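Derivation of every value follows stated rules applied to the coordinates shown; laboratory data play no part. All of these numbers come straight from a predicted model, not from anything done at the bench. Cβ atoms come from the backbone with ideal geometry, glycine included; neighbour counts cover every protein chain shown.
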Amino acid sequence: TEVTDFGRRITMGQLEHLAIQRVGFKHKGAGRLVYPGLLQLQSFITMNAERHSKAFSEQVFRVSRGEATDHDAHNRFYDEYLAVMDMTAEFYLSTVERIFKNREIAKNRFVVAGRKVDIGAITKVSVMTVEGANDDISAPGQCVAALKLLTGLSEDKKTQHLEPGAGHYGIFAGKSWRLNIRPLVLNFIDSAAGKPAKQPKITLASAQ
């Protein structure tokens, strides 16, 4: 994806220079170095600028026709989508460097407080991965690859789902999540707990 390519090209020094800012003096934590949530939001919107522009244009016309409300689908979506927060510079930069650049988890070399986290040591907890077929941030295949790291877990405790038509945000919210993914996750939890699982009806969100 473009995000992956960007992460490979940019150096940590460049990223710190471009993305890290200090909290303003009028706010709590003044002077603290953070990765601003608004900068993350700007990046997300820029990736799909045409889609967001169309959504707001259509909403303006709905307002002019008296068809919009404070809690309509547009406002419910963007109330959540626009709710971003700052991340500490330490957390953001270490995550980019260790997880995305050095791929410590992907290589099963992740160390916390001096102790190695061995993913292969997981033997009892069932694991499910969920990916969106149209995810332009974490492309399909990145999450499901984690199942191969679970060398101590039997295959019957592993499962995966690729949601057709869903993007990075869509697998967590909206129709794809509500109609398809959530029922699958709940069934997976019940199955792992030994309860009989219901058979969910898969419906393409685009058809709703």
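Observations, loosely collected:
- Along its principal axes, the chain has C-alpha extents of 57, 47, 32 angstrom, given from the largest down.
- Rounded to whole Hz, the Karplus (6.51, -1.76, 1.60) HN-Hα couplings of region 105-122, x for glycine and proline: 6, 4, 9, 6, 10, 6, 10, 10, 6, x, 10, 6, 8, 8, 5, x, 7, 6
- For the chain, DSSP calls about 50 percent of its internal beta bridges antiparallel.
- Cα-based reach from Lys54 at 25 Å (exclusive), listing lysines while leaving out same-chain residues under 8 positions away: Lys175
- FRET efficiency for Ser94 and Lys148, using Cβ-Cβ distance with R0 set to 35 Å, rounded to 0.05: 0.90
- Straight-distance crosslink candidates among lysines, where the alpha carbon sits under 17 Å from Lys148 and sequence neighbours closer than 8 are dropped: Lys107, Lys124, Lys157, Lys158
- Pairwise FRET efficiency - Leu39 versus Glu104, Cβ, R0 = 22 Å, nearest 0.05: 0.35
- Charge dipole (Cα centre; +1 on Lys/Arg Cβ, -1 on Asp/Glu Cβ; no other charges) of the chain amounts to roughly 560 debye.
- Estimated FRET transfer efficiency (Asn48, Val112; beta-carbon r; R0 25 Å; 0.05): 0.15
- Charge dipole of region 118-207 (Cα centre as origin; +1 on each Lys and Arg Cβ, -1 on each Asp and Glu Cβ, all else neutral): 400 debye, rounded to the nearest 20.
- Length-normalised contact order of region 97-165 in % [C-alpha pairs under 8 Å, at least 6 apart]: 34
- Kyte-Doolittle mean at least 1.6 and Cα axial length at least 20 Å: DSSP H helices in the chain: none
- Just so you know, the Rg over Rh for region 2-99 is 1.09, from Cα atoms, with Rh as the Kirkwood radius.
- When only Cα pairs below 8 angstrom with a gap of at least 6 residues are kept, the chain shows a relative contact order of 16 percent.
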